[in-house]
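K.L.:
Dropping the structure in here first, questions after.
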Amino acid sequence: MNLLHRHVFWSVLATCLAAVGLFAAVLILGNVLKDMVGYLLAGQIEPLTFLYLMGLLVPYVAAYALPMGMLTGILLVLGRMSAQQEITAMRAAGLSLFYVARPVILLGLVGTFGALLVNFEFMPRARAAYKAILADAVQTNPLSFIVPKTFVRDFPGVVVYVEEKEGAELRDIWFWRLDSEDRVVESGRAASGKVEFDEPTAALSVTLRDVIAEARNEQDPEDFSRVRGTTTIGEVPLVFEVDDLFNQRQRRVRYKSMTFTQLVAERDRLYAAGDRETGMKVSLAISEKGATAIAVLAFAILAVPLGIRVSRSETSANLGVALLLVMGYYFLTIVVSWLEAKPAWRPDLLMWLPAAVFTGLGVWLFRRVERT
């Protein structure tokens, strides 16, 4: 690697690492606020456990931070170099754009390999450990299932939201009773309540007081014209076995949190059992993980000519372009994921389309810039 390539390589690498770190910090903060702050403030997890759980979040957020950081870092460096006429000087010396961009493409390939390892191995293992440690910390105190200002979905067939909690006393409680298809068949609000744990029966009891409930037609709960009106009830007891609560958590296996070997084994098992719809969901998860890793290289290819054409040294302008492109990519993946219940449409293959589109756009821009 000559002096020019080393200059480009280390400039892009340092900026990409900084961008990945920035995006990872933002994503970690969001997950901490969503999952852990309530338990920490309630004293359910120790500070050291809290820090360890934050560390386990790093591989999880890296799966999303790597593509964004790669695109942002390359745009920032090449945009600055183009604005300061460094790219013009290189091309005036007879160097092709591909020659100048070799270190960037190399970084893209390395980043793609790293993303594959993160998506298929490190992230699933870290996520499983994160969930297990958090569940163990909560299980030591079953009352901690109720977390204020959080939608609690651990109760079978019921979602609960509590505005305030002081010890065992609850205030301003919302609840939704769900059917087997997770449709709301009854909803209500209680002015206050109390949560208790019965050790002999290992049962968690939530007593709601001054309840105002609204029931829907259980055959068609989404038909709001058939709502049966509101009813005022003095008290409503809700009793749950603690074992059932943890079994409920364990049943929520997300395919995105499985390793590659686990996903392949699960997919083959489902297809062998004739469950094509669920098997397609597993295949879609495999494709999404792989396509997200390939997106690192796609963004690297796209960012080189785009950064040169934009030719902006301002960080905010390049960061805005990067965010728009990333949002466009993830919007396309979300659209494809809506087709998971339609195996005939092959959403597992369509999931590769966004990465292919961005790669094709990058190659087309490469050729355009090379000719100018």
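K.L.:
If I filter segment 313-331 down to residues being over 14 Å from residue 65 (Cα atoms) and hydroxyl-bearing (Ser, Thr, Tyr), which single residue comes out as modelled with the highest pLDDT?
P.N.:
Going through the qualifying residues, I end up with 316.
K.L.:
Also, quick follow-up: Suppose we keep only residues that are in contact with a Leu (Cβ under 6 Å, 6 or more places away or on another chain) and of a type outside the set (Gly, Ala, Ser) within segment 153-172. Which one would you say is farthest from residue 235 (Cα to Cα)? Full working, then the answer.
P.N.:
In the first step, residues of segment 153-172 are kept if they are in contact with a Leu (Cβ under 6 Å, 6 or more places away or on another chain); the result is 154, 157, 162.
Next cut, of a type outside the set (Gly, Ala, Ser) only: 154, 162.
Details: 154: 22, 162: 16 Å.
That would be 154.
K.L.:
Any residue in segment 63-84 that is within 17 Å of residue 131 (Cα to Cα) and not hydrophobic (A, V, I, L, M, F, W, C)?
P.N.:
No.
K.L.:
For the structure I just gave you, tell me whether residue 305 is farther than 26 Å from residue 121 by Cβ, in contact with a helix residue (DSSP H, G or I) (Cβ under 8 Å, 6 or more places away or on another chain), modelled with pLDDT under 85 and surrounded by fewer than 18 Cβ atoms within 10 Å (Cβ to Cβ). Let's see the steps before the verdict.
P.N.:
Details: farther than 26 Å from residue 121 by Cβ: yes; in contact with a helix residue (DSSP H, G or I) (Cβ under 8 Å, 6 or more places away or on another chain): yes; modelled with pLDDT under 85: yes; surrounded by fewer than 18 Cβ atoms within 10 Å (Cβ to Cβ): no.
Spelling it out, it is not the case that residue 305 is farther than 26 Å from residue 121 by Cβ, in contact with a helix residue (DSSP H, G or I) (Cβ under 8 Å, 6 or more places away or on another chain), modelled with pLDDT under 85 and surrounded by fewer than 18 Cβ atoms within 10 Å (Cβ to Cβ).
K.L.:
Pairs needed: first member in segment 255-274, at pLDDT 85 or above; second member anywhere, surrounded by fewer than 16 Cβ atoms within 10 Å (Cβ to Cβ); C-beta distance under 6 Å; at least 6 residues apart or different chains.
P.N.:
259/121
K.L.:
Return the pairs, sorted by first residue and then second, in which the second residue is buried (at least 18 other Cβ atoms within 10 Å of the Cβ), the first residue lies in segment 355-372 and is over 17 Å from residue 322 (Cβ atoms), the beta carbons are less than 6 Å apart, and the residues are 6+ apart or on different chains.
P.N.:
These pairs meet every condition: 366/305; 369/97; 369/305; 369/308; 370/97.
K.L.:
Does residue 15 meet the test of being touching a Gly at 6+ places or on another chain (Cβ under 8 Å) and under 30 Å from residue 367 (Cβ atoms)? Even if it seems obvious, please write down each step before you answer.
P.N.:
Details: touching a Gly at 6+ places or on another chain (Cβ under 8 Å): yes; under 30 Å from residue 367 (Cβ atoms): yes.
Criteria met by residue 15.
K.L.:
Based on this model, can you work out whether residue 192 counts as closer than 24 Å to residue 148 by Cβ, of a type in the set (Gly, Ala, Ser) and modelled with pLDDT under 80? Spell out how you get there, then give the answer.
P.N.:
Numbers: closer than 24 Å to residue 148 by Cβ: yes; of a type in the set (Gly, Ala, Ser): yes; modelled with pLDDT under 80: no.
Answer is no for this residue.
K.L.:
Restricting to helices (runs of 4 or more DSSP H) lying wholly in segment 25-131: which have 3 or more residues that are touching an Asp or Glu at 6+ places or on another chain (Cβ under 9 Å) and at pLDDT 80 or above?
P.N.:
Values: elements: 37-41, 47-83, 86-92, 97-117.
Of the helices (runs of 4 or more DSSP H) lying wholly inside segment 25-131, those with at least 3 residues that are touching an Asp or Glu at 6+ places or on another chain (Cβ under 9 Å) and at pLDDT 80 or above span 47-83.
K.L.:
Could I ask something else about it? Over 16 Å from the mean Cα position of the chain (by Cα) and in contact (Cβ under 8 Å) with a residue 24 or more places away in the chain, is that true of residue 88?
P.N.:
Criteria not met by residue 88.
K.L.:
Something else about it: Considering only residues that are part of a helix (DSSP H, G or I) and within 20 Å of residue 112 (Cβ to Cβ), look in segment 1-10 and name the one that is modelled with the highest pLDDT. Give the derivation first.
P.N.:
Applying the first criterion (part of a helix (DSSP H, G or I)) to segment 1-10 yields 3-10.
Narrowing further to those that are within 20 Å of residue 112 (Cβ to Cβ): 5, 8-10.
Numbers: 5: 81, 8: 83, 9: 84, 10: 88.
The selected residue is 10.
K.L.:
Follow-up question, since we're still on this one. Which of the residues belonging to segment 169-191 are in a loop (DSSP other than H, G, I, E, B) and either free of Cβ contacts under 8 Å to residues at least 12 places away in the same chain or surrounded by 15 or more Cβ atoms within 10 Å (Cβ to Cβ) (or both)? Spell out the reasoning first.
P.N.:
Of segment 169-191, the ones in a loop (DSSP other than H, G, I, E, B) are 179-183.
Within segment 169-191, 180, 181, 182 qualify.
K.L.:
Moving on. Could you check, for segment 339-352, whether at least one of its residues is over 26 Å from the mean Cα position of the chain (by Cα), hydrophobic (A, V, I, L, M, F, W, C) and assigned to a loop (DSSP other than H, G, I, E, B)?
P.N.:
No, segment 339-352 has no match at all.
The values are calculated or read from the model by the stated rules, or taken from the named source; none is laboratory data. These numbers were taken from a predicted model, which means no experiment stands behind them. Heads up, the Cβs are rebuilt from the backbone with ideal geometry, glycines too, and the neighbour counts pull from every protein chain shown.
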